[in-house]
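Data block below; observations after.
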Amino acid sequence: GVPTAGAVVKLVVPTSSGRSALIEAPRVDGKPLPFGLDVYNEAGEVVGVVGQASRLWVRGIEEKGRLTVHWGQAAEQKCVIDYDLEDVDAGGMLAAQCRAPQ
């Protein structure tokens with residue numbers, strides 16, 4: 001049927017595979033990442049978004065790898081996060097840094 005006002009609708013969002021994670025990844029200079037930016041995996045697919053305080057909400061990612069965030073076209077307007085989900089803390093957060101790509 002059609003959901004009525006106030007009804008809770010269960011949404012099943014298919015993810016190809018992979019894990020979800022919350023990654024805190026401030027830039028090396030300590031500046032926060034701009035809010036709302038897309039987060040890309042190594043295949044160039046959008047896998048998440050930058051939330052408040054440089055926290056990345058990502059899903060469908062590999063156990064370890066590299067994520068990229070860019071806020072402009074120039075080479076210096078992007079940074080990469082190398083991560084390994086084995087390092088997630090008890091609260092479910094992974095501490096990382098967004099560094100200039102080498």
Quickly run through segment 22-45 and pick out the residues that are surrounded by 11 or more Cβ atoms within 10 Å (Cβ to Cβ) and without any contact (Cβ under 8 Å) to a residue 60 or more places away in the chain.
Pro32, Pro34, Phe35, Leu37, Asp38, Val39, Tyr40, Asn41, Glu42, Glu45
Considering only segment 21-84, give the strands (runs of 3 or more DSSP E) lying wholly within it that have at least 3 residues that are over 14 Å from Cys98 (Cα atoms).
46-50, 55-61
Per the filter on segment 76-100, residues of a type outside the set (A, V, I, L, M) and either at pLDDT below 95 or open to solvent by 30 Å² or more (accessible area, probe 1.4 Å) (or both) are Glu76, Gln77, Lys78, Asp82, Asp84, Glu86, Asp87, Asp89, Gly91, Gly92, Gln97, Arg99
Looking at (1) on the phi > 0 side of the Ramachandran plot; (2) over 12 Å from the mean Cα position of the chain (by Cα); (3) surrounded by 12 or more Cβ atoms within 10 Å (Cβ to Cβ), which one does Gly60 not meet, given that it meets all the others?
(2)
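The values are calculated or read from the model by the stated rules, or taken from the named source; none is laboratory data. Remember, it's a predicted structure, so these values are computed and weren't measured experimentally. Counting neighbours? That spans all protein chains shown, and the Cβs are built from the backbone with ideal geometry, glycine included. Keep in mind that these areas ignore ligands, DNA and RNA; they rest on the heavy atoms of the full protein, side chains included. Shrake-Rupley method; radii C 1.70, N 1.55, O 1.52, S 1.80 Å.
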